[in-house]
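Nothing in this text is a laboratory measurement; each read-out follows from the coordinates by a stated rule. Not measured: the values here are computed from a predicted model. Cβ coordinates were reconstructed from backbone atoms using ideal geometry, including for glycine residues, and neighbour counts include every protein chain displayed.
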Amino acid sequence: MSDKKAEGLRNDWRYKNMDLLKGVKLEFKRYRAYSETWDHDHCAGCHAKFAEFDGPDILHYGYATCDDYIYGVEYEWVCEQCFADLHPVMEWVVVGDSPERVRHRYKEKDKKEKAPPNNPLGP
Ligand SMILES: [Zn+2]
């Protein structure tokens, strides 16, 4: 990446929001509510909304902080767009599975949970 491009990214308004996240570990995950009373979060960069419930513009997947972050695991979330745009200057260390694998895992899990019970009449 050219210095000019790096400079441009450092001037990005989202970059300024993510001071504390520089160089931390991030893991791609499905969003989980932090607690019963804290049911959504916002992207640390652009403030896009993460939640478990569905809705317009609600994100269900993103990059979450890990145990090396001062406020702990899943305290901050970064959306895929900010991740893609800003990782060249944020020096994030990505841990865990790739987005494709994580999504696939949950798709399989949802399928199982939604599957109808076995036919009670049996074979
Ligand atoms: Zn974002």
(message) Apply the Karplus curve 6.51 cos²θ - 1.76 cosθ + 1.60, θ = phi - 60°, to the phi angles in region 10-19 and return the couplings in whole Hz, x for Gly and Pro.
(response) 6, 8, 5, 4, 6, 4, 5, 6, 10, 3
(request) For the chain, find the longest principal axis of its Cα atoms and tell me its angle to the long axis of helix 99-114, 0 to 90°, nearest 10. (result) 20 degrees
(request) Give me the percent of DSSP beta bridges within region 3-114 that run antiparallel, rounded to the nearest 5. (result) 65 percent
(message) Output wanted: per-residue J couplings in Hz (rounded whole) for region 47-63, from phi through Karplus 6.51 cos²θ - 1.76 cosθ + 1.60, θ = phi - 60°, x for Gly and Pro.
(response) 6, 4, 9, 10, 7, 7, 7, 8, x, x, 6, 8, 9, 10, 10, x, 9
(request) Mind running the shape call on region 49-90? Use the C-alpha gyration tensor, a ≥ b ≥ c as the square roots of the eigenvalues: rounded below 1.5 for a/c, prolate if a/b tops b/c, oblate otherwise. (result) oblate
(message) So if each residue of separation counts as 0.36 nm, and I subtract the Cα-Cα distance between Asp68 and Arg30, what length gain in nm does that give?
(response) 11.7 nm
(message) Taking amide H atoms as placed 1.01 Å from N in the peptide plane, list the residues 5 or more away in sequence, or in a different chain, whose amide H sits under 5 Å from that of Leu26.
(response) Val93, Val94, Val95
(message) Which of Cys82, Cys66 has the fewest other C-beta atoms within 10 Å, and how do the rest follow up to the most?
(response) Cys66, Cys82
(request) Run down the lysines and flag those whose C-alpha is under 23 Å from the C-alpha of Lys111, throwing out any fewer than 8 positions away in its chain. (result) Lys29
(message) Taking just the alpha-carbon atoms of region 3-114, what radius of gyration and Dmax come out, in angstrom?
(response) 14.5, 50
(request) With runs of 4+ DSSP H residues as the only contributors, calculate the mean residue ellipticity of the chain at 222 nm using -39,500 (n - 2.57) per run, divided by the residue total and rounded to the nearest 500. (result) -9500 deg cm²/dmol
(request) Take each of the peptides 73-79, 19-25, 49-55, average the number of other beta-carbon atoms within 10 Å over its residues, and list them starting from the highest. (result) 73-79, 19-25, 49-55
(message) Let me check against my output: what whole-number percent is the relative contact order of region 3-114, with C-alpha pairs under 8 Å and at least 6 apart?
(response) 31 percent
(request) Give the cross-link partners of Lys107 among the aspartates and glutamates, using a straight C-alpha distance below 19 Å as the criterion and excluding same-chain residues fewer than 8 apart. (result) Glu27, Glu52, Asp54, Glu80, Asp97
